[in-house]
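Below is one structure; the comments refer to it alone.
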Amino acid sequence: MARFAFAILVSLGLLHTTAASTPEDVLPSYHYGAPIHVECLNRSSETGEHIANEQDDLQWVPFPACNETGRPLEFGYGHEGELNCTIPFIDDPTYHLLEFYVHNDAPMACRLPARPAPQVHVVGQKPYVQEYIPLVFALAGTLQLSHLHVSTQMNVLLHAKPKHHIHHKDSGVLDSGVAYSTSPLNTKASTRLVIGDALPLRLSVRWFPTPALPKTEGMVEWQGMGGHIYASTVFYSLASFLAGIVASGAYFFGIVLPKRLKGRSLGGATPLGYGVNSGVGNGWGYKPSKRID
Ligand SMILES: *[C@@H]1O[C@H](CO)[C@@H](O)[C@H](O)[C@H]1NC(C)=O
Ligand SMILES: *[C@@H]1O[C@H](CO)[C@@H](O)[C@H](O)[C@H]1NC(C)=O
Ligand SMILES: *[C@@H]1O[C@H](CO)[C@@H](O)[C@H](O)[C@H]1NC(C)=O
């Protein structure tokens, strides 16, 4: 009797899943290195406002074509490394859009498909509606009367949805991402731009296997510097400030911290592979052996 009831429950459950939209586990995932195309909101170069059609649908257009590939910018799933994308000719409208982006009047709002589109459609199921994750390019720079300075060295951080990675360079689905200019205060690191120039974007792409940033044994690690910032360190510096012992804080940051960081090795920066990696740029993490000083 109980068994019979159980069978009914199971079949109800099955009926329920087939009647709903396509279940997660039958949807495709990106294979390692699969191209992920970047598309961005089309904006008016006059006002910076996004362009929508009569149905109020936003207009997404491919990222401008990179001179290096002749194709719009794309990332390879799980693929880490340096990527150059030179937009060969900044025309008048694009120049004005760059002014909006650099001034933060409008975000350079782009998006990535969270997963590849399914090739097969199961009869009786609602067709899969493509999902996207936002990728904002936080482009830093300064406006001058006659030209623009744009910090073209950018970091791109991409997170995969958590899953049990069965093997190295496993497939997966996107969770989130961000792109930002580095060293915005360093004018030497920025590109001077007038209409007609090329915009040489230099992207450093890193992947994370979960939405979380790297940590070990519950401790947050300052991986890029190789040092470990422990909670007590943070508390110590906070306490210093709160007590108004500015001098001791300055001493800590000026002398103690640099000393502590000196000689430390570069940590495993982006552990998609958690130590099973074999070297730099292998797509799943860094060998923790490089020194930074
Ligand atoms: C963006 O919108 C403008 C104005 O509607 C249009 O002229 C332009 O072709 C669009 N850009 C792309 C890449 O489709
Ligand atoms: C990107 O461009 C720089 C020059 O700006 C060059 O040194 C570097 O090798 C290029 N990297 C790739 C991956 O093509
Ligand atoms: C674009 O690529 C072509 C050929 O690869 C090269 O001759 C040209 O200088 C490049 N332009 C820019 C702006 O990088």
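All of the numbers you see were taken from the coordinates with simple rules; none came from a lab. All values derive from a computational prediction rather than experimental measurement. Note that we place each Cβ from the backbone using ideal geometry, even for glycine, and neighbour counts take in every protein chain shown.
Note on the range 2-219: Lys pairs 8 or more places apart or on different chains, Cα atoms under 27 Å apart, count 6. Each label was represented as a point 7 Å from its Cα along the Cα-to-Cβ direction; for N104 and E46 these points are 2.8 nm apart. Taking the Cβ-Cβ separation of N67 and V26 as r and a Förster radius of 30 Å, what is the calculated FRET efficiency to the nearest 0.05? It comes to 0.15. Modelled label positions at K126 and I166, each set 7 Å beyond Cα in the direction of Cβ, lie 2.9 nm from each other. Stretching R202 away from T187 to a fully extended chain increases their span by 3.8 nm, per 0.36 nm per residue minus the current alpha-carbon distance.
Evaluated with a Cβ-only charge set (Lys, Arg +1; Asp, Glu -1), the range 154-207 carries a dipole of roughly 120 debye about its Cα centre, given to the nearest 20. Remark: the N53-Q144 segment gains 29.4 nm on full extension, using 0.36 nm per residue and subtracting the alpha carbon distance.
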